[in-house]
Amino acid sequence: MTYIALIVSVLVGILIVFGLKPSNKTAQLLLAFSGAYLLSITILHLFPEVYASDVSNVGLFILIGLLFQLVLDFFSKGAEHGHIHIQKNSTFPWALFVSLSIHAFMEGIPLAHNHHHEYLLWAIVVHKIPIAIILGTFFVNSNIAKSKAILFLILFSLMSPLGSLAGEHIQVIMTYKTEITAIIIGIFLHISTIILFETSKDHKFNLIKFIAILTGMFVAFLA
């Protein structure tokens, strides 16, 4: 079920791009909802879990996660939180694809051993749909062949399931699961806060976006 949900979330984003051709405003609202949901799940469920463990310096690992996502942002140009730069050429964006794949792989790891597996799973699923839309939109608006774009989007959809699989079977990941979860928390904090606080132009109040954020938080609270 976990693997299927993670793969389907990306495929849904692909179908939306190639079928509905959503506007940038729609993608930003989906991002606002997913950012609020992801942040709420992180604070309500993941924070209490890692701080209840016997691991010391949990906060240090959270900071490492924040810094690690900053490095990934350098290569992805902020695609994880809605920034995308369309380039009208046929060169495949390897840096973008690899950084997004690393991010997707890592966010799948805590699913293998998290006590709040279901809540975290849906937080990642909700987050991956708009990311897949943004990545798919990049491919559609570039000169990259559609078959090649679909192939790499499918590969991207496998990254989080592979992360979860690694968390179940690789001993070093199982041994340091709390530390790794803390790093993932840092990644989630970086992404979700930027989604929520950086998308409004000229810092103007956006009622529709605010409602999307409130909805995301409310759904997470009910989870």
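All of the numbers you see were taken from the coordinates with simple rules; none came from a lab. Just so you know, these numbers come straight off a predicted model, no measurement behind them. Please note: Cβ atoms are built from the backbone with ideal geometry, for glycine as well, and neighbour counts cover all protein chains shown.
General observations
- Computed over all pairs of different Cα atoms, the Kirkwood value for the hydrodynamic radius of segment 126-223 is 16.6 Å.
- Over every Cα atom in segment 100-174, the radius of gyration and the widest Cα-Cα span, Dmax, amount to 14.0, 44 Å.
- Packing rank of 48-54, 149-155, where each peptide gets the mean count of other beta carbons within 10 Å, highest leading: 149-155, 48-54
- Each peptide in 64-72, 207-215 gets a packing score, the mean of other Cβ atoms within 10 Å over its residues, and the list from highest to lowest is 64-72, 207-215.
- Here the peptides 186-194, 172-180 are ranked by packing, the mean other Cβ count within 10 Å, and the order with the highest first is 186-194, 172-180.
- Stretched out straight at 0.36 nm per residue, the stretch from Leu222 to Leu151 would grow longer than its current Cα-Cα span by 21.9 nm.
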